[in-house]
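Working notes, structure below.
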Amino acid sequence: MINEYINIRNLKFIAHEVLQSPDLNRFSYYQDYDAEAFDMAIDAAKQIADTYLFPFYRVMDKEKAYYKDGIVHVHSSMRPAIQAIAEGGWISAHDDYDHGGQQMPFSLLNIGLAIFYAANANIACNPFLTTGAANLIRSFGSDQLNEQFIPKLYSGEWQGTMALTEPQAGSSLSDITSSASPVEGTDYYHVKGQKIYISGGDHDAVDNVVHLTLARIKGAPKGTKGISLFVIPKYRQSDSGLVSNDVTTAGIYGKMGQKGYVAAHLMLGEHDDCRAYLVGEPHKGLKYMFQMMNEARIGTGLVATGTASAAFYTSLKYANERPQGRHPSNKDINQPQVLIIEHADVRRMLLAQKSVVEGSMALLLQCSYYADVATAGTGEEAKNAHDLLELLTPIAKSYPAEMGIQSVSMGMQVLGGAGYTDDFPLEQHYRDIRVNAIYEGTTTIHGMDLLGRKVMTNNGHAMILLMKEVKAVIDAAGPYPELHGLANALSQTAAQLHETTMHLIELAMKEKPEVFLADATLYLEYFSLIVLGWQWLKQAISAEHSLKELSSGPEFNFYKGKVQTCRYFFEYELIKGTSLSKRLKSDQRVSLDTDAAFIN
């Protein structure tokens, strides 16, 4: 039941018992996906991960990607792994049958991604950037762009990327300066500029790299309203085959972790011949790009959860094998040492890891379920699902990323000194996971998005919907006396969140935005606790339902573990909301009152 990097039983529990995701086949688009189809696809993903991804995770860290003579070299395992994922249909999985896809629900696709990321995100991130790029072209590009690029992207022969960041702009996309000039009598523009930190931006495991790129058409309005979206391939097609498109890799960054997954610095149009193909209408690029960005935010949460999962199962295995010390009540040196999992504080750290990994996975699959309903549903049901997904996306990205770091850190602590050595993969997991709190917008950006926009959109409609979802789960705990205390605690904390949110909204009406948003990151943390509490209570209810028929054995232990981890989350994590609420309602403005000159 417990394997080396992810728990398949847990994934199937969330899909079948908590969310009943196979019931999505009530929608015609997903009619082919019953429970058996879900299980077959999950098992197929695990087989790919076991064969092509997991065996190369650690070696890719030692034999890292490098740049030499204008070529980005990656580990030799990369190309066959990308091909295996492509041939398995995973890159094109969500697209419709007519365009080479499988009409797979996001609820299933993201389970597959979680497996791949837990096995080896250094490889798996590449093909799923390609999925996002292809989705953008499919959604907003012309028929010609679709025909020219998507088949090669879906086959895994070409890589897709998202090229946004520039040296002078960073996350402030309104300040990008890459420029695009129309070329008279053609269907393309000439682009000039540079892009930095481009994940998967260049490597020799694919034949071409296709950049979905933001640039400003000359004469366009300033700010975000003047940004357009372009397809810019590294090589363009000609009568003689692929030729250079004046996209040069200046180098790759030396990253703290993810040594096998490159981040490239790209120069566009140094020789004034970088051809770019407009996607959709001019000046709507940022609006279009948000589709890929939001997909990538869910993806970043999945990457973090996968990495934290692999670290958890490594530390759990170690704790079940390593004898050390005796219980405090046993002073007899002649007695054998106990396994470290017998020590209460080690169990606390393992429960903490389990709560992060399985709570994050439940949230991400909940978001995937909403994405499916928004995609295949109609009317109010689809709109409400879309609004809930929008509200929860900042949490789905940020909570696994931030708490995943802490989770891996606790896993390293379980191993003690051994965890700090490269005899075990914990130190690599710790380096690899750190970037997820930065990818696709820092945690601060997501806090400001949540508090400054999401909770107030449509007069708080999405927030009202979420509180209804939370209340429904609280009510569902009614038949289970063991859960009444947890349900009451969640009810009280949710009410406290509502009160705190109203206080902040009133503050926004009276003060400048800097005051209202100063502690937006703390609000995001606070909000996340309620959301994860909701997800953990949902899992505990499903577990208690199944425990009625069990008294012992592996399944009993699995379900009992769910209830105990839920108890841990409420006793150790949810209670932190009280202090966060107090801070958010305080009239002390320490960060705003601190002059920059005082920090030295």
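The values are calculated or read from the model by the stated rules, or taken from the named source; none is laboratory data. Nothing here was measured: the structure is a model prediction, and the numbers come from that model. All Cβ positions, even for glycine, are placed from backbone atoms using ideal geometry, and neighbour counts span all protein chains on display.
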* Hey, among ALA250, ALA311, which residue is outside the structural domain of ILE71 (by TED's automatic domain parsing), surrounded by fewer than 20 Cβ atoms within 10 Å (Cβ to Cβ) and either assigned to a strand (DSSP E or B) or under 18 Å from the mean Cα position of the chain (by Cα) (or both)? -> ALA250
* Asked: For residues in the stretch 151-204 being within 23 Å of MET448 (Cα to Cα) and β-branched (Val, Ile, Thr), which is surrounded by the fewest Cβ atoms within 10 Å (Cβ to Cβ)?
  -> THR165
* Asked: Among all residue pairs at least 6 apart or on different chains, which show Cβ distances below 6 Å where the first residue, located in the stretch 222-240, is buried (at least 20 other Cβ atoms within 10 Å of the Cβ) and the second is β-branched (Val, Ile, Thr) and assigned to a strand (DSSP E or B)?
  -> SER228/ILE217; PHE230/THR213; ILE232/THR213; PRO233/VAL210; LYS234/VAL209; LYS234/VAL247
* Return the pairs, sorted by first residue and then second, in which the second residue is surrounded by fewer than 22 Cβ atoms within 10 Å (Cβ to Cβ), the first residue lies in the stretch 35-49 and is among the acidic types (Asp, Glu), the beta carbons are less than 7 Å apart, and the residues are 6+ apart or on different chains. => ASP39/LYS12
* List the number of the failed condition for THR161; all other conditions in (1) under 30 Å from GLU427 (Cβ atoms); (2) without any contact (Cβ under 8 Å) to a residue 24 or more places away in the chain; (3) among the hydroxyl-bearing types (Ser, Thr, Tyr) hold. => (2)
* Go through the stretch 266-307 and give me each residue that's part of a loop (DSSP other than H, G, I, E, B) and surrounded by fewer than 22 Cβ atoms within 10 Å (Cβ to Cβ). => GLU270, HIS271, ASP272, ASP273, GLY280, GLU281, PRO282, HIS283, LYS284
* Identify, from the list ASP207, ASP175, ASP202, the residue that is modelled with pLDDT under 95 and charged (D, E, K, R). => ASP175
* To do: Consider SER552 carefully, then state whether it is closer than 24 Å to GLU17 by Cα and free of Cβ contacts under 8 Å to residues at least 12 places away in the same chain.
  => yes
* Structure fact -> Of the residues in the stretch 463-521 that are in contact (Cβ under 8 Å) with a residue 12 or more places away in the chain and not in a helix (DSSP H, G or I), the one that is farthest from ARG589 (Cα to Cα) is TYR480
* Is it fair to say ASP207 is more than 24 Å from PHE54 (Cβ to Cβ) and either crowded, with 16+ Cβ neighbours inside 10 Å or not assigned by TED's automatic domain parsing to the domain that holds ASP39 (or both)? -> yes
* Asked: What number of residues within the stretch 467-521 are among the acidic types (Asp, Glu) and either closer than 14 Å to VAL455 by Cα or not assigned by TED's automatic domain parsing to the domain that holds LYS562 (or both)?
  -> 2
* Out of the residues in the stretch 414-462 that are over 20 Å from SER199 (Cα atoms) and basic (Lys, Arg), state the one that is nearest to the chain's Cα centre (by Cα). => LYS454
* In the stretch 331-385, which residues are part of a helix (DSSP H, G or I) and in contact with a strand residue (DSSP E or B) (Cβ under 8 Å, 6 or more places away or on another chain)? -> ILE340
* To do: Working only within the stretch 222-249, note down all residues that are among the β-branched types (Val, Ile, Thr) and under 15 Å from GLY201 (Cα atoms).
  => VAL231, ILE232, VAL247, THR248, THR249
* Members of the stretch 583-600 found to be closer than 17 Å to GLU525 by Cα and either surrounded by fewer than 11 Cβ atoms within 10 Å (Cβ to Cβ) or touching a strand residue (DSSP E or B) at 6+ places or on another chain (Cβ under 8 Å) (or both), listed by number -> SER586
* Asked: If GLY478 passes every condition in (1) of a type outside the set (Ser, Thr, Tyr); (2) within 25 Å of the chain's Cα centre (by Cα); (3) modelled with pLDDT of 95 or more but one, which one does it miss?
  -> (2)
* Structure fact -> Within the stretch 393-424, restricting to residues that are of a type in the set (A, V, I, L, M, F, W, C) and crowded, with 24+ Cβ neighbours inside 10 Å, the one that is nearest to ASN294 (Cα to Cα) is ALA396
* To do: Could you please let me know if GLY577 is over 25 Å from GLU499 (Cα atoms), of a type outside the set (Asp, Glu) and assigned to a helix (DSSP H, G or I)?
  => no
* With a cut-off of at least 2 residues that are under 23 Å from ALA84 (Cα atoms), name the strands (runs of 3 or more DSSP E) lying wholly within the stretch 145-231. => 158-163, 208-217
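The rows are residues; the columns are (1) aliphatic (A, V, I, L, M); (2) over 25 Å from the mean Cα position of the chain (by Cα).
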{"site": "ALA508", "(1), (2)": "yes, yes"}
{"site": "GLU514", "(1), (2)": "no, yes"}
{"site": "ILE530", "(1), (2)": "yes, no"}
{"site": "ILE541", "(1), (2)": "yes, yes"}
{"site": "ILE599", "(1), (2)": "yes, yes"}
* **Matching residues in the stretch 1-41 - criterion: being over 21 Å from the mean Cα position of the chain (by Cα) and hydroxyl-bearing (Ser, Thr, Tyr)** => SER28, TYR29, TYR30, TYR33
* For HIS461, are the conditions met, namely being under 19 Å from HIS498 (Cβ atoms), of a type outside the set (A, V, I, L, M, F, W, C), surrounded by 13 or more Cβ atoms within 10 Å (Cβ to Cβ) and touching a helix residue (DSSP H, G or I) at 6+ places or on another chain (Cβ under 8 Å)? -> yes
* For residues that are of a type in the set (Gly, Ala, Ser) and modelled with pLDDT under 95, scanning just the stretch 425-458, find the one that is surrounded by the fewest Cβ atoms within 10 Å (Cβ to Cβ). => GLY452
* Asked: Residue check: is GLU358 surrounded by 20 or more Cβ atoms within 10 Å (Cβ to Cβ), at pLDDT 95 or above and among the charged types (D, E, K, R)?
  -> yes
